[in-house]
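Visitor: Pasting a structure below so you can have a look.
Bear in mind that the values in this text are calculations on the coordinates, not laboratory data. Computed from a prediction, not measured in an experiment: that's the story for all the values here. For neighbour counting, all protein chains shown are included, and Cβ atoms are generated from backbone atoms with ideal geometry for every residue, glycine included.
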Amino acid sequence: MSLFSKIFNSFKSIRLNTNKVLSGQPLNDVLISSMYAEQQSAYLNSYETGLGKSDIVKLLEQYWEVFSKEEAIKVLEDLHDRNHDKNLNIVYEAFDDQENYVQILKSNLPSEQDSFNYYLNIYRSLKDVVPELIEQQVITSFSEIKKVKDSGWNYGRGAFLARCCYEMGYLTEKELKDYLEKSYQELKQYCSTWKEYTISYIFGRAIWGGSHNSGMIQIANDLLTNEKSPLKNKTYL
């Protein structure tokens, strides 16, 4: 995709493949990549992204350090594993009981200093992110975050990266389908609706990427309300 085409497409919300269109469960599996796909002006409804090879190479190599099948699998597995970090539950518990947060964190988190500081910094990020998301009307209370966590952010990025890796030849079509199906099924353990998926993605972006998430909020709104969006008439995962 040329630079002009990418700039042009960035003003076109919802980009669909009209040739190789998915439906049913395969479409649902692909749609967990929709937030990241919209960021990249990619197709929402196919395994193919619609991006030029140079754009895919730049994304994988410069941002994810993926140069081979082995590195692709490592990154994709890591994005799945992040959703099983039980120490994050402790951080969320501490945030929910801020009067006792020191005791909760010190009593339950790893004592090794670097590891402890890693989770302490997440706690501190929550103190900035949660009020901001409430003010932006992404959520109404922290309880919504405790349920969905940053699962959409992890599974969503993994799903889109898997599509890119497929186009680079790092994954076979079967490996791509298996990864997307597994991602979808695991995401359902955290998110019941597509709106919750978008909330989770925005939350993850805010925690790990910082503030200035108005663009992500707009993407979520477009996905959920635009008449062209495959998510428009879907409520539950």
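Visitor: Identify all residues within region 125-168 that are touching a helix residue (DSSP H, G or I) at 6+ places or on another chain (Cβ under 8 Å) and not in a helix (DSSP H, G or I); write none if there are none.
Guide: Scanning region 125-168 gives Gln136, Val138, Ile139, Thr140, Ser141, Phe142, Lys149, Asp150, Met168.
Visitor: Being loosely packed, with under 12 Cβ neighbours inside 10 Å, under 30 Å from Lys53 (Cβ atoms) and of a type outside the set (Val, Ile, Thr): is that true of Glu181 here?
Guide: Working: loosely packed, with under 12 Cβ neighbours inside 10 Å: no; under 30 Å from Lys53 (Cβ atoms): yes; of a type outside the set (Val, Ile, Thr): yes.
Against the criterion (loosely packed, with under 12 Cβ neighbours inside 10 Å, under 30 Å from Lys53 (Cβ atoms) and of a type outside the set (Val, Ile, Thr)), Glu181 does not qualify.
Visitor: Within region 91-116, work out how many residues are polar (S, T, N, Q) and under 27 Å from the mean Cα position of the chain (by Cα).
Guide: 1
Visitor: Between Lys234, Lys174, which is on the phi < 0 side of the Ramachandran plot, in contact with a strand residue (DSSP E or B) (Cβ under 9 Å, 6 or more places away or on another chain) and among the charged types (D, E, K, R)? Steps first, answer last, please.
Guide: Numbers: Lys174 fails: in contact with a strand residue (DSSP E or B) (Cβ under 9 Å, 6 or more places away or on another chain).
Sole residue among the options that is on the phi < 0 side of the Ramachandran plot, in contact with a strand residue (DSSP E or B) (Cβ under 9 Å, 6 or more places away or on another chain) and among the charged types (D, E, K, R): Lys234.
Visitor: (1) of a type outside the set (Val, Ile, Thr); (2) in contact with a helix residue (DSSP H, G or I) (Cβ under 7 Å, 6 or more places away or on another chain); (3) loosely packed, with under 15 Cβ neighbours inside 10 Å; (4) part of a helix (DSSP H, G or I): which one isn't true of Glu61, the others all being true?
Guide: (2)
Visitor: Among the residues of region 45-56, is any over 20 Å from the mean Cα position of the chain (by Cα) and crowded, with 18+ Cβ neighbours inside 10 Å?
Guide: No, every residue in region 45-56 fails to be over 20 Å from the mean Cα position of the chain (by Cα) and crowded, with 18+ Cβ neighbours inside 10 Å.
Visitor: Being of a type outside the set (A, V, I, L, M, F, W, C) and in contact (Cβ under 8 Å) with a residue 12 or more places away in the chain is the filter; apply it to region 95-114 and report the residue that is surrounded by the fewest Cβ atoms within 10 Å (Cβ to Cβ).
Guide: Pro110
Visitor: So, one more: Output the residues belonging to region 74-105 that are in a helix (DSSP H, G or I), out of contact with any Phe, Trp or Tyr (no Cβ under 8 Å at 6 or more places or on another chain) and of a type in the set (D, E, K, R).
Guide: The answer is Lys74, Glu77, Asp78, Asp81, Arg82, Glu93, Glu99.
Visitor: So which of Lys234, Lys228 ends up being farther than 17 Å from Glu77 by Cα, part of a loop (DSSP other than H, G, I, E, B) and touching a Phe, Trp or Tyr at 6+ places or on another chain (Cβ under 8 Å)?
Guide: Working: Lys228 fails: touching a Phe, Trp or Tyr at 6+ places or on another chain (Cβ under 8 Å).
After ruling out the rest, the residue left standing is Lys234.
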